[in-house]
Every structure is written in structure tokens, then in C-alpha cells.
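Data block below; observations after.
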Amino acid sequence: MDASDDMNTAGGAAGLNSLRVVAFESRMAAEVAALIERRGGQAIVAPAMREVPLEDNQAAFDFAARLLVGDFDVVVFLTGVGTRALFTVIETRHLRETIVEALKRSMVVVRGPKPLSVLRELGLQPQVVAPEPNTWRELLAMLSAATNLSGKRVAIQEYGVSNRELIAGLEARGAEVVIVPVYRWALPLDRGPLLDALRKIAAGEADVAIFTSSHQVTNVISVADAEGVGDAVRRGLAAMAVGSVGPVCSEQLRAHGVKVDFEPEHPKLGHLVKEAAARAAAILATKRAHPSRIEVAVPRAPRRAATIAASPHHDHPMLKACRREATPFTPIWLMRQAGRYMPEYRRVRDQHSFIELCQRPEIAAEVTVTAVERLGVDAAIIFADILLPLIPMGVGLRYEKGDGPVIDRPIRTAADLERAHDVDGAELGYVGDSIKLVKSAIGARIPIIGFAGAPFTLASYLIEGGSARQYQATKTLMYTQPDVWHRLMEMLARVTAGYLNMQIAAGADLVQLFDSWVGSLGPDDYRRFVLPHMTSVIAAIPANVPVIHFGTGTGNLLELMREAGGDVIGLDWRVDLAEAWARLDYAVAVQGNLDPIALFADVAEIRERARAILAKAAGRSGHIFNLGHGILPETPVDHVIALVDAVHELSRR
């Protein structure tokens with residue numbers, strides 16, 4: 001930001017009228033205080049971050065060396081300050097004129113007006129300028145229209161935090177992406193002012209908050225959550241007038257559950273203060289006149305598709321629990337509740353192959369309904385299999401007795417991916433027909449769950465050629481052919497969203513995504529290779545259809561799963577339910593999480609374990625009881641029934 005420009009912009013009559021304005025600026029702390037006070041406000045300046053230069057920034061020097069020999073086809077500059085900082089580092093070893101001439105031989109891309117201004121000062125005119133609102137989406141669209149990215153070497157100037165969506169989008173289009181970091185962000189050494197400001201916000205002792213970067217937002221909310229005042233700060237902000245410098249910052253605020261009340265016409269600090277002076281009083285008057293209407297948004301929820309007609313089971317305990325509303329008891333259903341442990345299922349299975357069971361709607365509906373009626377659960381999950389969408393892809397999926405699914409033509413190269421057929425939801429219409437039959441039989445009294453495998457788990461089956469333990473082929477492709485990986489994931493995300501929406505159209509009241517194998521990843525790989533695609537699937541589901549997002553071995557990924565989306569996060573038995581829910585800020589419902597092996601204990605022990613899990617939920621609205629994974633084939637049926645009865649009895653309120 002240009003301080004003098006912002007100071008001039010802020011000139012004029014005061015309009016904040018002694019309102020208490022919290023700003024989280026670091027580099028321009030003194031300037032923002034002066035801007036606020038010139039407008040008649042009381043400045044509460046609480047720096048939320050500090051810029052830490054990378055010591056001996058070898059990545060920047062490597063970038064310069066490669067640039068000078070023509071090794072980059074495209075160079076992307078994301079921020080003005082970062083662009084200046086990058087040149088400052090490089091100029092310790094190379095002449096500015098030499099770097100500028102080298103850049104002229106590449107396609108230069110900027111995200112918005114600030115890096116554009118810096119480059120023009122240096123004598124460079126970028127070929128691609130992302131239009132407003134200057135987010136990664138506009139940048140990717142403009143760049144894709146300007147050139148075929150396949151095989152292109154793209155360098156991205158970063159300033160603090162990686163933009164995983166942009167990286168994934170570039171790699172999906174075949175680009176080789178090189179990150180050029182300039183700074184990393186850290187919390188201020190003296191956090192006293194920030195903690196004091198957070199306490200004021202939580203206590204209702206501040207009127208206006210202004211944010212000038214997405215990094216500020218992340219640090220403010222992270223510190224608030226770490227101090228145990230996250231919910232109170234969100235409530236406090238909801239009652240204040242909240243301003244954001246621009247769309248990227250606003251997107252981050254909304255992702256953390258903070259509603260943005262105003263943005264300036266131009267993304268500058270002075271304009272932001274001017275907008276606050278013009279609008280804050282009216283915003284606060286409206287909020288304070290109707291305090292009951294102030295709502296705190298749910299954090300980190302992705303945008304969802306438009307709503308559809310409400311489910312007839314809108315007020316059923318199962319759907320109310322998904323919305324974290326009070327229920328008369330804790331609802332329960334069980335993964336694999338229609339399975340080999342039931343003699344009724346085995347009798348049907350003896351007469352038909354597994355695929356035949358899935359593809360014949362009358363048989364799939366029969367085993368679905370039988371399980372509900374035998375167990376007394378609170379939801380029916382349609383009998384199907386997560387791998388059904390792979391059949392029309394033409395990869396040679398077959399089920400071998402004793403070995404499980406086998407894929408004859410795995411996808412391990414770009415050529416393999418080209419041979420795979422895209423799938424239309426209509427090709428899986430037999431699952432929709434099964435749902436319609438179940439709805440006709442029991443749909444008047446119980447909700448129906450549709451489901452699908454999540455893109456990562458489907459991709460792993462496709463790449464490994466079947467079940468795996470180490471996921472060596474999957475991760476090797478992910479690391480060595482990221483373009484193929486992202487294209488595969490984009491295809492699977494599209495197929496999965498279409499498949500789930502087909503089930504919803506057929507009558508499913510809610511859906512579950514099974515990411516059975518994603519626990520094999522660490523957080524960094526999840527962010528880069530999975531999160532953008534899971535977000536796109538969940539965003540495609542109508543907003544009023546609950547989504548259960550389930551994975552196994554995902555104790556290290558829960559916060560990222562919440563970020564990807566879902567009304568309910570499924571927990572396996574390896575995590576403590578109370579601790580996991582607290583980590584999720586109670587901002588979503590949770591499902592789980594009895595160890596399936598516990599059903600082999602005697603009934604008294606099963607009841608005690610059910611009681612213990614209910615105690616972990618502590619009567620909080622939004623708990624759905626389930627196992628941490630599916631029912632095992634040898635499980636005694638009467639033990640399953642005893643669990644269902646125990647949950648209903650012990651949780652009745």
C-alpha cells in the first residue's frame with residue numbers, strides 16, 4: 001500500500017464520530033491510526049502479523065538464474081509488495097535491467113493493479129492482467145485463454161501463503177509450476193495489543209473492524225481460537241461493522257464465518273477508512289435496532305449450489321442433527337447396515353453376484369429395507385458400492401472373490417486417462433431406481449442416504465488397480481505427474497457430484513462422501529492434491545441437502561476436511577469424539593464413532609461403550625451415532641440391535 005496516497009484519500013470531514021475502530025495493520029500501524037483519527041474515530045491498532053524475510057532466499061536466486069537462461073514461459077506476480085521484495089532480493093546478485101529484459105522474453109501475468117503498478121515502474125507491461133475482483137479464478141481464466149498451458153513452465157511469486165487452488169488449476173492444465181517465495185508470515189513478537197483487541201471485540205467494546213489482507217484474517221481467527229475466544233470473537237464481529245479491503249480478503253473472512261459489511265471501491269487502506277466513515281454508523285444502527293437478527297455465520301463452509309424443494313423429513317431427528325438442531329434423542333444409523341453379517345442378506349447374496357445386487361434395483365431396495373426394519377435405525381442408506389462409477393469408465397472393474405475389486409486397465413499415465421470414458425449420472429440410473437423403490441416402501445417414515453466414493457479414494461483404486469496398503473503408485477503419480485493427477489481428480493469430482501445429484505433427484509434426503517483411503521496423506525499433500533477437488537464436489541450439492549464427509553485414519557486432517565465442506569464430519573474410532581468436535585469449533589455436526597470390533601463384546605459392554613460416546617457428545621445438538629467404519633461380516637446381529645436400542649434409550653431427552 002502507498003501510505004501517502006492513502007493519507008490523501010482519507011482527507012475530508014470526520015465521519016466516525018468517536019466509534020472504536022480496530023485495525024490489524026503491521027507495516028502501516030501508525031498510518032492507519034492517523035487515518036482513523038482524522039475521520040473522528042478512536043483507533044485500536046493491533047498488529048496481527050509480521051513479515052519475516054526468508055534468510056538467504058535461495059528460491060529467489062534459483063528463479064533469477066533460470067529466468068536469465070529462458071527457463072520460464074510464464075511468470076505470475078500476485079502482490080505489489082511481494083513483487084518489490086522479490087526484486088530487492090534478486091538485485092543483490094543481478095542488475096535490475098538484466099532481470100527486466102529476461103522477463104520481457106516470458107509471458108508476464110499479474111493478479112491486479114498493485115503488482116501491475118510496480119512492474120510498470122520497472123518498465124514492464126504485463127501481457128495478462130486479471131480483471132476484478134482480482135482473485136485466482138480470474139487470473140486462471142485469463143491465463144488459460146491467453147495460452148495453452150500444457151507443458152509450460154510457470155513461476156509464481158508468493159508472498160506468505162501458497163494459493164493451492166491456483167497451483168492445482170495450473171497443474172491440471174499441464175503446467176509445471178515453480179513457487180518463488182519472498183516472505184513468510186509470522187505472528188507479532190508482542191501479541192499483547194492483539195490479545196487486548198480480541199478481548200474488546202469479544203466483550204462488545206469495539207464498533208468497527210477493518211481487515212486489509214487474508215493473512216491478517218487467518219492470524220486473527222487462529223489466535224482467537226487458540227485463546228479459547230474464537231466463538232466470542234465471531235459473535236462480537238457479527239455485531240460490529242466489518243470492512244474488508246477487497247474480494248480476496250472478504251473471501252477469507254467469509255471462510256472463517258465472518259460477514260463482511262462493506263468494501264471500498266478501490267482496494268486501498270485510505271479508501272477503506274473512508275468507506276468505514278461513510279457507512280459504519282448506519283450499519284451499526286441497523287444491527288443494534290434488531291439485535292435478534294444478528295447471525296454468526298458457520299466458519300469455513302464452501303459455497304453450495306442452489307437449494308431444492310425441502311425434504312419431507314426436514315424435521316426428522318436425523319436431518320435436524322445434521323443442522324445441529326435439538327433432537328429428542330441421538331439418531332443412529334450404521335455403515336454397512338445391509339451387509340454380510342445379516343442372514344437375510346446372505347440368502348440373497350447366495351443367488352446373485354455382488355454387481356447384480358447393485359444393478360438390480362428391486363434386489364438393492366430389498367436388502368436396504370430389510371436392514372432398516374430389522375435394526376430399527378433412523379436412516380436407510382441405499383445398497384450400492386463406491387466403485388460403481390468406475391464401471392462405465394471402461395477401466396475393466398471386476399470383483400474377485402476373496403480379493404475384492406480389481407481394475408484391469410489402471411490409470412497411471414496421461415494416455416491412460418485419455419482412454420477413460422467420462423461418466424454421465426444417467427449411466428448409473430439403476431441406483432436412482434433403487435432409491436425410488438426404497439422411498440416407495442419406507443420413505444414416508446425414514447430419510448434415505450445416498451452416497452459416493454470421494455475423488456481421492458476413487459483415484460487410488462484407479463491408479464493402484466485395486467486395494468493397496470502403501471499407496472505407492474497413487475503417490476508416485478501425484479508427485480511426478482501432477483497435471484495428470486489434477487485432471488483425473490477434476491474428472492472424478494465432476495462425476496461424483498453428478499452421481500450424488502442424480503441420487504438426490506431420485507429421492508435421497510442426504511448424502512455421504514466416503515474418503516476411505518485419504519488418511520494415507522499428510523496435511524500438506526491433502527491441501528495441494530485433494531482439498532480443491534473435495535471442495536468442488538461438496539459445493540455442487542444443493543445447500544439444503546446435508547452432506548456427511550467421512551474418512552478413516554483422518555485424525556490429522558479434520559480441520560482440512562471441515563474446510564473442504566460438509567454439514568457433518570464423520571469420525572472414525574481412532575479419535576476422541578469430544579476432542580475432535582472441539583477442534584472443529586463445534587461449527588459442524590459430527591458422526592461416530594464406536595469401534596466396529598466393540599460389537600463383538602457382550603451386550604453390557606456395548607451399552608457402556610455407547611454411553612461413553614454419548615457422554616463425549618455431552619448432549620450437544622449435532623451428534624449422529626455411528627460406527628467408526630462399517631459393520632464386520634461376523635458381527636452378531638443381536639449385538640447390532642442392542643446397540644441401536646441402547647443409543648435410543650440412553651440419549652432420550
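The values are calculated or read from the model by the stated rules, or taken from the named source; none is laboratory data. Quick caveat: nothing in here was measured; it's all calculated off a predicted structure. Glycine also receives a Cβ, built like all others from the backbone with ideal geometry; neighbour counts cover every protein chain displayed. For the accessible areas, the whole protein counts, side chains as well, though only heavy atoms, and no ligand, DNA or RNA atoms are used. Shrake-Rupley method; radii C 1.70, N 1.55, O 1.52, S 1.80 Å.
When the residues of the range 413-432 are narrowed to those that are touching a residue at least 24 places away in the same chain (Cβ under 8 Å), of a type outside the set (Gly, Ala, Ser) and surrounded by fewer than 16 Cβ atoms within 10 Å (Cβ to Cβ), which ends up nearest to residue 484 (Cα to Cα)? I'd like the intermediate steps shown before the answer.
Going residue by residue through the range 413-432, those that are touching a residue at least 24 places away in the same chain (Cβ under 8 Å) are 413-414, 417, 419-432.
Of the ones still in play, those that are also of a type outside the set (Gly, Ala, Ser) are 413, 417, 419, 421-424, 427-428, 430-431.
So of that shortlist, the ones also surrounded by fewer than 16 Cβ atoms within 10 Å (Cβ to Cβ) come out as 413, 419, 421-422, 424, 430.
Values: 413: 7, 419: 13, 421: 15, 422: 15, 424: 21, 430: 30 Å.
That would be 413.
Rundown of residues vs (1) modelled with pLDDT of 95 or more; (2) open to solvent by 70 Å² or more (accessible area, probe 1.4 Å); (3) within 29 Å of residue 214 (Cβ to Cβ), yes/no style:
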position	(1), (2), (3)
247	no, no, yes
250	no, no, yes
262	yes, no, yes
270	no, no, yes
276	yes, no, yes
298	no, no, yes
306	no, yes, yes
319	yes, no, no
For this session: Give the residues of the range 614-653 that are open to solvent by 30 Å² or more (accessible area, probe 1.4 Å) and part of a loop (DSSP other than H, G, I, E, B), sorted by residue number.
Result: 618, 619, 620, 621, 629, 632, 633, 634, 636, 652, 653
Exercise. So residue 452 clears everything in (1) open to solvent by 10 Å² or more (accessible area, probe 1.4 Å); (2) in contact with a Ser or Thr (Cβ under 8 Å, 6 or more places away or on another chain); (3) closer than 22 Å to residue 568 by Cα except one condition, right? Which one?
Worked result: (1)
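Counting only residues that are farther than 22 Å from residue 514 by Cα and in a helix (DSSP H, G or I), how many does the range 346-355 have? Give the steps one after another, and end with the answer.
Quick first cut of the range 346-355, residues farther than 22 Å from residue 514 by Cα only: 346-353.
Filter again for in a helix (DSSP H, G or I), leaving 346-349.
Qualifying residue count, the range 346-355: 4.
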Exercise. Which of the residues spanning the range 499-526 are more than 14 Å from residue 456 (Cβ to Cβ), among the small types (Gly, Ala, Ser) and either part of a helix (DSSP H, G or I) or free of Cβ contacts under 8 Å to residues at least 60 places away in the same chain (or both)?
Worked result: 505, 506
For this session: Please determine, by comparing only the residues of the range 93-108 that are more than 21 Å from residue 58 (Cβ to Cβ) and open to solvent by 50 Å² or more (accessible area, probe 1.4 Å), which one is farthest from the chain's Cα centre (by Cα).
Result: 97
Seminar exercise, completed: Per the filter on the range 24-42, residues out of contact with any strand residue (DSSP E or B) (no Cβ under 8 Å at 6 or more places or on another chain), outside any helix (DSSP H, G or I) and either of a type outside the set (A, V, I, L, M) or modelled with pLDDT of 95 or more (or both) are 39, 40
Seminar exercise, completed: Among the residues of the range 117-151, the number that are under 20 Å from residue 87 (Cα atoms), touching a residue at least 24 places away in the same chain (Cβ under 8 Å) and in contact with a strand residue (DSSP E or B) (Cβ under 8 Å, 6 or more places away or on another chain) is 4
For this session: Find all pairs meeting these conditions: Cβ atoms under 6 angstrom apart; at least six residues apart or on different chains; first residue within the range 234-256 and free of Cβ contacts under 8 Å to residues at least 24 places away in the same chain; second residue open to solvent by 10 Å² or more (accessible area, probe 1.4 Å).
Result: 250/260
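Working carefully through the options 602, 638, 567, find the one that is of a type in the set (Asp, Glu) and within 30 Å of residue 234 (Cβ to Cβ). Before you say what the answer is, go through the steps one by one.
On the way: 602 fails: within 30 Å of residue 234 (Cβ to Cβ); 638 fails: within 30 Å of residue 234 (Cβ to Cβ).
Residue meeting the stated conditions: 567.
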Seminar exercise, completed: Of (1) assigned to a loop (DSSP other than H, G, I, E, B); (2) more than 21 Å from residue 17 (Cα to Cα); (3) touching a residue at least 60 places away in the same chain (Cβ under 8 Å); (4) open to solvent by 50 Å² or more (accessible area, probe 1.4 Å), residue 205 satisfies every one except (2)
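Test residue 197 against the stated conditions and say whether it is within 30 Å of residue 35 (Cα to Cα), of a type in the set (A, V, I, L, M), open to solvent by less than 20 Å² (accessible area, probe 1.4 Å) and part of a loop (DSSP other than H, G, I, E, B). Steps first, please.
On the way: within 30 Å of residue 35 (Cα to Cα): yes; of a type in the set (A, V, I, L, M): yes; open to solvent by less than 20 Å² (accessible area, probe 1.4 Å): yes; part of a loop (DSSP other than H, G, I, E, B): no.
Criteria not met by residue 197.
For every residue, the table says whether it meets (1) buried (at least 19 other Cβ atoms within 10 Å of the Cβ); (2) assigned to a helix (DSSP H, G or I).
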{"site": "535", "(1), (2)": "no, yes"}
{"site": "549", "(1), (2)": "yes, no"}
{"site": "555", "(1), (2)": "no, no"}
{"site": "559", "(1), (2)": "no, yes"}
{"site": "562", "(1), (2)": "yes, yes"}
{"site": "566", "(1), (2)": "yes, no"}
{"site": "574", "(1), (2)": "no, no"}
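Just a yes or no: is a residue in the range 392-407 within 29 Å of the chain's Cα centre (by Cα), surrounded by fewer than 20 Cβ atoms within 10 Å (Cβ to Cβ) and either of a type outside the set (A, V, I, L, M) or outside any helix (DSSP H, G or I) (or both)? Outline the logic, then answer.
Of all residues in the range 392-407, those within 29 Å of the chain's Cα centre (by Cα) come to 392-393.
From the residues that got through so far, the ones that are surrounded by fewer than 20 Cβ atoms within 10 Å (Cβ to Cβ) too are 392.
Retained after the next criterion (residues that are either of a type outside the set (A, V, I, L, M) or outside any helix (DSSP H, G or I) (or both)): 392.
Yes, some residue in the range 392-407 is within 29 Å of the chain's Cα centre (by Cα), surrounded by fewer than 20 Cβ atoms within 10 Å (Cβ to Cβ) and either of a type outside the set (A, V, I, L, M) or outside any helix (DSSP H, G or I) (or both).
So that you can scan it fast, the table gives a plain yes or no per residue for (1) charged (D, E, K, R); (2) in contact with a Leu (Cβ under 9 Å, 6 or more places away or on another chain); (3) on the phi > 0 side of the Ramachandran plot:
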residue: 388; (1), (2), (3): no, yes, no
residue: 394; (1), (2), (3): no, no, yes
residue: 408; (1), (2), (3): yes, yes, no
residue: 413; (1), (2), (3): no, yes, no
residue: 420; (1), (2), (3): no, yes, no
residue: 423; (1), (2), (3): no, yes, no
residue: 429; (1), (2), (3): no, no, no
residue: 436; (1), (2), (3): yes, no, no
residue: 441; (1), (2), (3): no, no, no
Exercise. Looking at (1) in a strand (DSSP E or B); (2) under 26 Å from residue 166 (Cα atoms), which is the only condition residue 496 fails?
Worked result: (1)
Exercise. When you scan the range 82-97, how many residues do you find that are in contact with a helix residue (DSSP H, G or I) (Cβ under 7 Å, 6 or more places away or on another chain) and among the β-branched types (Val, Ile, Thr)?
Worked result: 3
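With respect to residue 192, determine if the residue is open to solvent by 50 Å² or more (accessible area, probe 1.4 Å) and either of a type in the set (Ser, Thr, Tyr) or without any contact (Cβ under 8 Å) to a residue 24 or more places away in the chain (or both). It would help to see each step written out before you state the result.
Numbers: open to solvent by 50 Å² or more (accessible area, probe 1.4 Å): no; either of a type in the set (Ser, Thr, Tyr) or without any contact (Cβ under 8 Å) to a residue 24 or more places away in the chain (or both): yes.
Considered against the rule, which asks whether it is open to solvent by 50 Å² or more (accessible area, probe 1.4 Å) and either of a type in the set (Ser, Thr, Tyr) or without any contact (Cβ under 8 Å) to a residue 24 or more places away in the chain (or both), residue 192 comes out as no.
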For this session: Return the only residue of 118, 75, 89 being closer than 26 Å to residue 213 by Cα, part of a strand (DSSP E or B) and either aliphatic (A, V, I, L, M) or open to solvent by 30 Å² or more (accessible area, probe 1.4 Å) (or both).
Result: 75
Exercise. Any idea how many residues of the range 92-115 are β-branched (Val, Ile, Thr) and assigned to a helix (DSSP H, G or I)?
Worked result: 3
